[in-house]
Amino acid sequence: MVGSNHTKNTHPSVLIVDDEPMALLLMRFSLTRNGYRVIEATGGEDALSRLHDVTPDALVLDVMMPGMNGYDLCRQARKNDKLSNTPIIMLSGAHNEENEMRSLEAGATCFLSKPISGKDLADQIETLLN
């Protein structure tokens with residue numbers, strides 16, 4: 001897969017970052033059900049810490065989180081050479097043109113609105129990995 005870090009013998013890994021436990025639970029459930037290995041982080045700083053140990057095939061970031069928001073996390077992730085071509089999906093419950101533009105300017109591959117079905121999220125990741 002172009003821009004992907006996984007091999008054909010392993011399932012793609014996705015780092016999901018959200019400060020809402022229920023959002024993490026729902027994403028984890030739907031992504032694992034669709035064959036993804038899921039790594040969870042509860043905020044930007046937690047995600048950066050995890051990125052020292054793992055290089056996921058895709059990242060899914062909530063825009064609004066306390067501390068480091070999704071925009072800043074996306075910028076930090078893009079500074080990592082291993083993640084320079086990794087798909088980054090930004091999620092927000094407030095879908096407007098400004099949030100979408102800020103996400104893309106921060107380096108996101110795409111912007112999606114919450115709520116999003118697990119199937120739609122898994123399909124979007126699959127599209128970006130292929």
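The values are calculated or read from the model by the stated rules, or taken from the named source; none is laboratory data. For clarity, every value in this text was computed on a predicted model and none was experimentally measured. Cβ atoms come from the backbone with ideal geometry, glycine included; neighbour counts cover every protein chain shown.
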Report yes if some residue within segment 16-23 is modelled with pLDDT under 95, closer than 15 Å to L91 by Cβ and surrounded by 17 or more Cβ atoms within 10 Å (Cβ to Cβ); otherwise report no. yes
Give me the pairs: first residue in segment 54-79 and farther than 20 Å from N130 by Cα, second residue basic (K, R), beta-carbon distance under 6 Å, and six or more apart or on different chains, which are they? Y71/R102
Segment 27-45, residues that are more than 13 Å from the chain's Cα centre (by Cα) and under 20 Å from P87 (Cβ atoms): S30, T32, R33, N34, G35
Among the listed residues L61, L31, identify the single one that is part of a strand (DSSP E or B) and either basic (K, R) or in contact with a strand residue (DSSP E or B) (Cβ under 6 Å, 6 or more places away or on another chain) (or both). L61
Within segment 34-58, which residues are in a helix (DSSP H, G or I) and over 20 Å from Q124 (Cβ atoms)? G44, E45, D46, L48, S49, R50, L51
Please name all residue pairs, on different chains or six or more residues apart, with Cβ atoms under 8 Å, provided the first residue is in segment 39-52 and is closer than 10 Å to I16 by Cα and the second residue is crowded, with 17+ Cβ neighbours inside 10 Å and among the basic types (K, R). E40/R28
